[in-house]
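Please treat every number below as a calculation from the coordinates, not as lab data. Not measured: the values here are computed from a predicted model. Don't worry about glycine lacking a Cβ; one is built from the backbone with ideal geometry, like all the others, and counts go over all protein chains shown.
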Amino acid sequence: MKLRRRPAIFFAAYLIFPFSIFAQTAAISTPKLSEPKIAMVLNSGDASISLIDMQMRAVIKTVPIGKEPHHLMMAPDQQTLLVANAVGNDIAILNATTGDIRGRIPNIIDPYQIGYSPNNQWFVVNGNRLNRVDIYAAQGINFTLLKSLALAKTPSHIAFTADSKIAFITLQDSAELAAIDLATQTILWKMPTGPTPAGLWMTPGDKFLLIGITGADYVEVVDWRTRQVIKRISTGKGAHNFRPQGDRKHVFVSNRVASTISLLDMQTLEKVGDITGLPAGPDDMEITADGKNLWVSFRFAKKVGIIDVPSMKLTTVIPVGKSPHGVFFYPRAAWE
């Protein structure tokens with residue numbers, strides 16, 4: 001089906017304070033923070049965000065955020081957090097260290113998963129519910145819609161090549177991986193995957209794509225240049241999402257059905273360990289800047305947990321809202 005190119009539409013952020021975030025931050029360098037104080041957990045089933053005092057390890061406030069907040073993304077200024085409200089059709093603008101809501105970006109339709117390209121030139125929005133991928137030209141948090149691509153079925157997670165030329169999208173309900181040329185906003189190709197592909201991660205040097213196969217119990221390793229699955233790494237039932245450890249060698253993958261988390265070596269493409277004894281439904285993850293604590297949202301247990309990375313043991317569980325998904329704090333370990 002030939003897709004009609006839509007006229008460019010400009011979306012500006014509606015801010016609560018009287019001047020742009022970027023006008024403020026241009027003259028102020030990013031603060032050097034030794035450790036985060038507030039963790040933010042998106043409660044997708046409650047349309048809220050839980051703010052957690054990381055020292056007390058307790059929820060100090062629960063704030064309405066928008067309908068079905070699932071995923072989040074740090075803006076290029078490294079001070080602003082964007083929260084995608086899938087059913088609310090907008091993106092909330094938060095202070096990345098305090099969780100205070102500063103404004104909204106309206107008319108972002110069905111933003112389930114969002115992502116900036118590495119060069120921050122493109123902003124990609126996966127419409128999970130509407131089977132579409134929207135590609136925007138980005139200038140900070142100001143977005144101009146370039147094209148909406150019909151991409152069935154159920155576009156889920158996103159990964160990019162380091163040169164920002166290609167975006168990869170998992171299609172959960174058609175069991176496919178799609179590649180999009182960002183400069184032309186066209187679909188380059190699609191290839192089959194295992195059942196219900198979800199999380200995506202690119203190994204260092206853009207060598208391989210890792211895909212969490214949520215409908216099975218493994219991670220697929222894809223040579224994306226030849227469009228071949230070269231290996232399956234057994235992890236656990238419901239292999240779902242990734243969080244790199246920050247050492248350019250290892251990446252965690254959450255196994256949502258098995259209620260475990262596996263640690264993979266990105267060089268050998270082998271599993272090197274498992275974290276077990278977890279509450280139901282481990283999903284999104286975040287790591288403290290010192291690399292010592294892995295925070296995990298448990299979708300089915302209404303909880304977030306803290307894992308001691310050296311021992312690979314769960315140490316703390318904190319009740320939050322219904323169906324917690326994204327988790328974030330700043331500063332954090334490097335995303336590499």
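In the stretch 72-129, what is the volume of the convex hull around the alpha carbon atoms, normalised per residue and reported in Å³? Spell out each step's value before the answer.
Details: hull volume 4.2 nm³, N = 58.
So the per-residue Cα hull volume is 72 Å³.
A helix-only calculation puts the chain at -500 deg cm²/dmol for mean residue ellipticity at 222 nm, using -39500 (n - 2.57) for each DSSP H run of at least four residues, averaged over all residues.
Extension gain Asn142-Met191, at 0.36 nm per residue separation less the Cα-Cα distance, in nm? It would help to have the intermediate numbers written out before the result.
Numbers: separation 49, 0.36 × 49 = 17.64 nm, distance 3.27 nm.
Full extension of this stretch gives 14.4 nm more.
Straight Cα distances below 18 angstrom link Lys303 to the aspartates and glutamates Asp46, Asp53, Glu68, Asp283, Asp284, Glu286, with same-chain residues fewer than 8 positions distant left out.
Rounded to the nearest 0.05, the FRET efficiency derived from the C-beta distance between Asn120 and Asn95 at R0 = 25 Å is 0.80.
How big is the equivalent ellipsoid of the stretch 194-233 along its three axes, where each semi-axis is √(5λ) from the Cα gyration tensor, reported in whole Å from largest to smallest? Gyration-tensor ellipsoid for the stretch 194-233: 17, 10, 8 Å.
Normalised radius of gyration (Cα atoms, divided by 2.2 N^0.38 Å) for the chain: 0.93. Placing dummy labels 7 Å off each Cα toward the beta-carbon, the span from Asp53 to Ala334 is 3.4 nm.
Can you give the relative contact order of the stretch 26-183 as a percent, counting alpha carbon pairs under 8 Å and 6+ residues apart? Provide the component values of the computation, followed by the final result.
Working: 392 pairs, mean separation 18.8, N = 158.
Once divided by the residue count of the stretch 26-183, the mean separation gives 12 percent.
For the chain, a simple Cβ point-charge model (Lys and Arg +1, Asp and Glu -1, everything else neutral) yields a dipole of about 580 debye relative to the Cα centre.
Past 25 Å, Cα to Cα, is the threshold; run Lys37/Lys292; Lys207/Lys231; Lys207/Lys313; Lys67/Lys271; Lys237/Lys313; Lys61/Lys313 against it and keep the listed order.
On the way: Lys37/Lys292 15 Å; Lys207/Lys231 13 Å; Lys207/Lys313 31 Å; Lys67/Lys271 37 Å; Lys237/Lys313 20 Å; Lys61/Lys313 27 Å.
With Cα atoms farther than 25 Å apart: Lys207/Lys313; Lys67/Lys271; Lys61/Lys313.
How high is the relative contact order of the chain, given as a whole-number percent (alpha carbon pairs under 8 Å, six or more residues apart)? Contact order relative to length: 13 percent. Each Cα pair under 8 Å and six or more residues apart adds its separation to the average, and for the stretch 242-299 the resulting relative contact order is 28 percent.
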